[in-house]
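Okay, handing you the structure first.
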Amino acid sequence: MIATEPYKPKQFNLSNLNGISDRTVEMHFKLYEGYVKETNNISEKIAEFLKDGKVDQEEMPVYSELKRRLGFEFNGMILHEYYFGNLKRGGGGDPDRNSSLFKAAESSFGSYDIWKADFVGVGKMRGVGWAMCYEQPETGRLSNHWIGEHQIGEVAGYNPVLVMDVWEHAFILDYKPAERPKYIEAFFSNVDWQAVEDRLKHVPRGKATVSR
Ligand SMILES: [Fe+2]
């Protein structure tokens, strides 16, 4: 049945990153696979409840808890795919000054450096979560946001373009908990800016190729 088709972990080749060890990456892949597995487990349990075509009143407490947990596991799965997907060996530096990302950062924040300072600032926030750069798809405007755990603070309808995991598991084998800024620096030295560019959805007026 299509509705219960399990999610499959995606594969990423991220060995020999700069400042993020293979040990960290391997451990992180395993954690990610755990989110995929739990997403499937919970989805299966929810499907059981739905077999008779309704959620009965007495099923509601367990069903509700599963749905809440699904938000955590599902977003844990998806955010890790964005995160691994915006890293690559030999990445880093700053994005090309002529790239849409660079220009969007300038028009949204005044300069790329201010955009970056804001994104890094989000990454340094205390607590476990994610630093997110989103694109408002209709206007192309960028904004940076904090996501607590995996599911608190997502911006509805916005497009994630740069995603940084700042849970301690993302760096604890390589850096001390208080050394998160060093990890953030390492993260930036591995960013796949082309992947970020490819995520941008906004097409400036006049550049649209579809005619009506
Ligand atoms: Fe993670």
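Grab the Cα-Cα distance for VAL155 and GLN194, subtract it from 0.36 nm times how many residues apart they are, and report the gain in nm with one decimal. Can you show the working numbers first?
Numbers: separation 39, 0.36 × 39 = 14.04 nm, distance 2.31 nm.
In short, 11.7 nm is gained.
Under the Karplus relation 6.51 cos²θ - 1.76 cosθ + 1.60, θ = phi - 60°, what is the ordered set of whole-Hz ³J(HN,Hα) values for the stretch 64-70, x standing for Gly and Pro?
4, 5, 4, 5, 5, 5, 4
Oh, and also: Can you classify the stretch 140-200 as rounded, prolate or oblate using the Cα gyration tensor, where a ≥ b ≥ c are the square roots of its eigenvalues, rounded means a/c under 1.5, and otherwise it's prolate if a/b beats b/c and oblate if not? Could you put the intermediate results ahead of the total?
Numbers: a/c = 2.78, a/b = 1.44, b/c = 1.93.
Oblate.
From the cross-link list LYS30/LYS54; LYS67/LYS176; LYS88/LYS176; LYS30/LYS182; LYS103/LYS182; LYS8/LYS67, which pairs have alpha carbons spaced over 29 Å apart?
Those over the limit are LYS30/LYS54; LYS67/LYS176.
Within the stretch 92-141, report the GluC sites (Glu not before Pro) that DSSP leaves as loop and that have at most 15 other Cβ atoms within 10 Å.
On the way: sites: GLU106, GLU135, GLU138; in loops: GLU138.
Of the GluC sites (Glu not before Pro), the ones in loops of the stretch 92-141 whose Cβ has at most 15 other Cβ atoms within 10 Å are GLU138.
So between ARG97 and GLU48, what do we pick up on full extension, going 0.36 nm a residue minus the alpha carbon distance? Kindly include the intermediate steps, with their values, before the conclusion.
Working: separation 49, 0.36 × 49 = 17.64 nm, distance 5.20 nm.
Full-extension gain reported as 12.4 nm.
If you plug each phi of the stretch 139-144 into the Karplus form 6.51 cos²θ - 1.76 cosθ + 1.60 with θ = phi - 60°, what whole-Hz ³J(HN,Hα) values come out, in order, with x for Gly and Pro?
For the stretch 139-144, the Karplus-derived couplings read 10, x, 6, 9, 8, 9 Hz, x marking Gly and Pro.
I would also like to ask the following. What is the local net charge at GLN11, summed over the other residues whose Cβ is closer than 14 Å to its Cβ (Lys, Arg +1; Asp, Glu -1)?
Values: positive: LYS8, LYS10, LYS30, LYS88; negative: GLU26, GLU33, GLU81.
Overall, the nearby charge balance is +1.
Which cross-chain or sequence-distant (5 or more) residues have an amide H under 5 Å from the amide H of VAL161, H modelled 1.01 Å from N in plane?
So VAL161 has HN proximity to CYS133, TYR134, GLU135.
Could you work out Rg/(2.2 N^0.38 Å) for the chain, with Rg from alpha carbons only?
Details: Rg = 19.1 Å, N = 212, 2.2 N^0.38 = 16.8 Å.
Computed over Cα atoms of the chain, the ratio equals 1.13.
Using a 1.4 Å probe over the heavy atoms of the protein chains, calculate the carbon and sulfur portion of the accessible area of the chain as a whole percent. Intermediate values should be presented prior to the final figure.
Details: 6260 of 12020 Å².
Roughly 52 percent, rounded to a whole number.
Rounded to the nearest 10 Å², what accessible area does LYS201 have for a 1.4 Å probe in the complete protein model?
That residue has around 130 Å² of solvent-accessible surface.
Sort TYR134, TYR63 from largest to smallest accessible area, using a 1.4 Å probe on the heavy atoms of the protein chains.
In descending accessible area the options line up as TYR63, TYR134.
State whether the stretch 100-147 is rounded, prolate or oblate according to the following rule on the C-alpha gyration tensor (a ≥ b ≥ c being the square roots of its eigenvalues): a/c under 1.5 gives rounded; otherwise a/b larger than b/c gives prolate, and the remaining case gives oblate.
oblate
A further question follows. Give me the compactness ratio for the stretch 90-202, meaning the Cα radius of gyration over 2.2 N^0.38 Å.
Details: Rg = 13.7 Å, N = 113, 2.2 N^0.38 = 13.3 Å.
In units of the 2.2 N^0.38 Å rule of thumb, it is 1.03.
Leaving out ligands and nucleic acids, and using a 1.4 Å probe, what accessible area per residue does the stretch 38-139 come to in Å²? Walk me through the numbers on the way to the answer.
Working: 5390 Å² over 102 residues.
Counting only protein heavy atoms, the per-residue value for the stretch 38-139 is 53 Å².
Continuing with the same structure: First measure r as the distance between the Cβ atoms of SER143 and VAL62, then evaluate 1/(1 + (r/R0)^6) with R0 = 35 Å and state the FRET efficiency to the nearest 0.05.
Values: r = 37 Å, r/R0 = 1.06.
The pair SER143/VAL62 has a calculated efficiency of 0.40.
What number, rounded to the nearest 500 deg cm²/dmol, is the helix-based mean residue ellipticity at 222 nm of the chain, given -39500 (n - 2.57) per DSSP H run of at least four residues and division by all its residues? Present the calculation step by step, with values, prior to reporting the outcome.
Details: 6 runs with 93 residues, N = 212.
Result for the chain, helices only: -14500 deg cm²/dmol.
With all protein chains present and a 1.4 Å probe, how do LYS116, LYS176 order by accessible area, largest first?
On the way: LYS116 60, LYS176 135 Å².
Result of the area sort, largest leading: LYS176, LYS116.
Which net charge results when you count Lys and Arg as +1 and Asp and Glu as -1 among the other residues whose beta-carbon is under 14 Å from that of LYS67?
Residues close to LYS67 contribute a combined charge of -3.
Roughly how much of ARG89 is accessible, in Å² to the nearest 10, using a 1.4 Å probe?
Around 110 Å² of this residue is reachable by solvent.
Roughly what angle does helix 22-50 make with the longest principal axis of the chain, taking Cα atoms, 0 to 90 degrees, to the nearest 10?
Around 40 degrees separate the two axes.
Follow-up question, since we're still on this one. Report, as a whole number in µm² per second, the diffusion coefficient that Stokes-Einstein gives for the stretch 1-92 at 10 °C and 1.306 mPa s using the Kirkwood radius over alpha carbon pairs. Intermediate values should be presented prior to the final figure.
On the way: Rh = 15.0 Å.
For the chosen part, D equals 106 µm²/s.
The values are calculated or read from the model by the stated rules, or taken from the named source; none is laboratory data. Keep in mind that this is a model prediction, so the values were computed, not measured. Heads up, the Cβs are rebuilt from the backbone with ideal geometry, glycines too, and the neighbour counts pull from every protein chain shown. For the accessible areas, the whole protein counts, side chains as well, though only heavy atoms, and no ligand, DNA or RNA atoms are used. Shrake-Rupley method; radii C 1.70, N 1.55, O 1.52, S 1.80 Å.
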